1. If I ask for residues that are closer than 16 Å to residue 20 by Cβ and modelled with pLDDT of 95 or more, which ones from the stretch 213-228 would you list?
2. Of the residues 112, 128, which single one is more than 15 Å from the chain's Cα centre (by Cα), closer than 28 Å to residue 8 by Cβ and in contact (Cβ under 8 Å) with a residue 12 or more places away in the chain?
3. Do we have residue 56 as without any contact (Cβ under 8 Å) to a residue 12 or more places away in the chain and more than 29 Å from residue 156 (Cα to Cα) here?
4. Looking only at residues in the stretch 130-143 that are more than 13 Å from residue 240 (Cα to Cα) and in contact with a helix residue (DSSP H, G or I) (Cβ under 8 Å, 6 or more places away or on another chain), which one is surrounded by the most Cβ atoms within 10 Å (Cβ to Cβ)?
5. Would you point out the residue of the stretch 12-45, among those that are surrounded by fewer than 16 Cβ atoms within 10 Å (Cβ to Cβ), farther than 18 Å from residue 105 by Cβ and modelled with pLDDT of 80 or more, that is nearest to the chain's Cα centre (by Cα)?
6. Of the numbered conditions (1) surrounded by fewer than 22 Cβ atoms within 10 Å (Cβ to Cβ); (2) on the phi < 0 side of the Ramachandran plot; (3) touching a residue at least 24 places away in the same chain (Cβ under 8 Å), residue 117 satisfies every one except a single condition; which is it?
7. Anything in the stretch 158-167 that is closer than 26 Å to residue 224 by Cβ and surrounded by fewer than 17 Cβ atoms within 10 Å (Cβ to Cβ)? List them, or say none.
8. Taking strands (runs of 3 or more DSSP E) that fall entirely within the stretch 135-243, which contain at least 2 residues that are within 20 Å of residue 115 (Cα to Cα) and within 16 Å of the chain's Cα centre (by Cα)?
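The values are calculated or read from the model by the stated rules, or taken from the named source; none is laboratory data. Being a predicted model, the structure only gives us computed values, none of them experimental. Here the Cβ positions follow ideal geometry from the backbone for every residue, glycine too, while neighbour counts run over all protein chains shown.
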C-alpha cells in the first residue's frame with residue numbers, strides 16, 4: 001500500500017477500480033490531502049459477474065443527489081441518529097462534529113472522494129453505537145443472510161452475534177482480519193440507488209439500495225473518521241425509520257420529503 005500511496009500522491013484523479021474497496025485507507029486520505037480526486041469503483045461480485053452488466057450501474061447521479069438533499073440537510077444539523085425497523089432494530093449513533101457526505105458516482109472537486117456506491121454516509125463517533133440490529137439484508141462481501149439475525153452493540157462495538165449459521169459466518173469473517181477494530185461500528189449510511197436491489201451479489205449494489213441503511217465496520221479514515229483498521233465491511237438492513245434530534249428522515253424505507261418524487 002505504501003507504493004500505491006506514493007503513486008497516487010502525484011495524481012490529479014485516481015479511479016479505484018479494484019476487487020475490494022480501499023476508499024477508507026491512509027493512502028487515499030494522503031492523496032486527497034495532496035489535492036487528488038478519488039473515485040471508488042470496487043469490482044468484486046460473489047458470482048463472478050461484471051458490475052458493468054448490472055442494471056444498478058445506470059442510476060442517475062443527479063437523481064441520487066435530489067433524493068439525498070433532505071437527508072443531508074437533516075443529518076448535517078444533528079448530533080444523534082436513531083434507527084428502528086419493523087423487524088426490531090433499535091439503535092442509536094452519535095456524529096457530533098462529524099461531517100455528513102454524499103456518494104453518487106461523481107467527484108468533481110480537488111480533495112474530494114466519490115463512489116459507485118450511491119449513499120449518504122456519516123463517519124460516526126467510533127464508540128457511540130448502542131442498541132440492537134436485526135440484520136435482514138446483506139453481510140457485504142459474504143452475501144445475503146438466510147434468516148434475520150440479531151446483533152447487539154455496546155459502546156460502539158459489536159458485542160453479541162446471534163449464534164445461527166449466518167452469525168457464525170459473520171463472526172468468522174470478522175475474526176479473519178485478526179484485528180479487534182473490525183468489531184467497531186464506524187459508519188452509518190443510507191442507500192440512494194432506486195435501481196439497486198439487495199441481492200447479495202455485489203456489496204456495492206447491496207449497500208446502495210434505496211430503502212435500506214447500512215453500518216460500516218473498521219477503517220473510516222478517508223470518510224472523516226479516526227479509526228484505522230485492517231479493513232472495512234458493511235451490513236445492510238431493510239426498511240429503516242430514521243430519526244435525528246428534531247426530524248424524521250425516513251419511515252419504513254420511504255423518504256418523508258415527497259417533493260423529490
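1. Across the stretch 213-228, the qualifying residues are 216, 217, 218.
2. 112
3. no
4. 138
5. Among those residues, the one meeting the criterion is 19.
6. (1)
7. Residue satisfying the conditions is 159 alone.
8. 185-191, 212-218, 232-238
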